[in-house]
1. Might you check whether a residue that is under 25 Å from residue 6 (Cα atoms), at pLDDT below 95 and out of contact with any strand residue (DSSP E or B) (no Cβ under 9 Å at 6 or more places or on another chain) occurs anywhere in the range 176-186?
2. Any chance you could count how many residues in the range 187-227 are surrounded by 11 or more Cβ atoms within 10 Å (Cβ to Cβ) and assigned to a loop (DSSP other than H, G, I, E, B)?
3. So residue 81 ticks every box in (1) crowded, with 17+ Cβ neighbours inside 10 Å; (2) touching a strand residue (DSSP E or B) at 6+ places or on another chain (Cβ under 7 Å); (3) touching a residue at least 60 places away in the same chain (Cβ under 8 Å); (4) not in a loop (DSSP other than H, G, I, E, B) but one. Which box is left unticked?
4. Residues in the range 95-102: is at least one closer than 13 Å to residue 65 by Cα and either touching a helix residue (DSSP H, G or I) at 6+ places or on another chain (Cβ under 6 Å) or outside the structural domain of residue 198 (by TED's automatic domain parsing) (or both)?
5. Report the residue count in the range 28-60 for those that are more than 21 Å from residue 78 (Cβ to Cβ) and surrounded by 15 or more Cβ atoms within 10 Å (Cβ to Cβ).
6. So residue 63 clears everything in (1) in contact (Cβ under 8 Å) with a residue 24 or more places away in the chain; (2) buried (at least 17 other Cβ atoms within 10 Å of the Cβ); (3) not in a loop (DSSP other than H, G, I, E, B) except one condition, right? Which one?
7. Please specify each residue of the range 10-27 satisfying the condition of being surrounded by fewer than 15 Cβ atoms within 10 Å (Cβ to Cβ) and under 22 Å from residue 150 (Cα atoms).
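The values are calculated or read from the model by the stated rules, or taken from the named source; none is laboratory data. Since this is a predicted model, take the numbers as computed values, not measurements. Here the Cβ positions follow ideal geometry from the backbone for every residue, glycine too, while neighbour counts run over all protein chains shown.
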């Protein structure tokens with residue numbers, strides 16, 4: 001088993017000491033269950049991928065599996081990293097080779113074929129691009145000043161997505177356009193809110209008026225991460 005613990009100012013686990021304590025707890029439980037466990041502590045300063053919400057997240061995943069150029073690269077890289085670590089559980093795989101093996105499986109189309117097989121085995125038809133229809137109502141949240149994205153409040157963005165209807169409404173949520181380190185100009189779209197019902201969109205917009213969840217500032221203000229992923 002691979003256990004991913006993202007850490008960041010607005011992640012569920014905020015500091016490295018907290019992550020290390022959690023790691024020891026899970027390692028203890030795994031040892032008592034005779035389960036082989038590897039804990040990976042990763043960068044949780046911002047959302048992974050673009051979408052927050054069932055349909056948006058599924059769209060991101062399918063784009064990665066299809067090797068679509070629109071696929072979120074952070075999601076692709078983290079997926080390959082975690083998959084590679086799991087592949088290295090095989091004693092015949094040399095440490096450090098897992099990432100390259102995982103990348104070959106993805107780029108060859110075998111990962112997509114397996115996803116189709118899993119979906120069909122559960123009694124569902126394989127997906128089509130038309131299946132990813134987002135909420136018919138939308139609202140763009142824009143940057144209020146020029147600068148660089150130096151902070152993203154994961155909890156605030158998740159709350160806005162919930163108020164928009166996610167996850168109960170599958171095609172509702174938040175579609176993120178900019179990540180940490182991106183330069184933006186005033187009026188640029190930071191993210192788009194999708195909702196199916198006017199009341200949900202209104203609640204989400206009211207939450208945005210309190211704070212967008214984005215901090216625009218100077219490059220030196222970006223919180224440093226000591227983690228590769």
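1. Looking through the range 176-186, none of the residues is under 25 Å from residue 6 (Cα atoms), at pLDDT below 95 and out of contact with any strand residue (DSSP E or B) (no Cβ under 9 Å at 6 or more places or on another chain).
2. Qualifying residue count for the region: 11.
3. For residue 81, the exception is condition (2).
4. Step one: list which residues in the range 95-102 are closer than 13 Å to residue 65 by Cα, which gives 102.
From what's left, either touching a helix residue (DSSP H, G or I) at 6+ places or on another chain (Cβ under 6 Å) or outside the structural domain of residue 198 (by TED's automatic domain parsing) (or both): 102.
Looking through the range 95-102, at least one residue is closer than 13 Å to residue 65 by Cα and either touching a helix residue (DSSP H, G or I) at 6+ places or on another chain (Cβ under 6 Å) or outside the structural domain of residue 198 (by TED's automatic domain parsing) (or both).
5. Qualifying residue count, the range 28-60: 1.
6. Tallying (1) in contact (Cβ under 8 Å) with a residue 24 or more places away in the chain; (2) buried (at least 17 other Cβ atoms within 10 Å of the Cβ); (3) not in a loop (DSSP other than H, G, I, E, B), residue 63 fails exactly one: (1).
7. Selection gives 12, 14, 15, 16.
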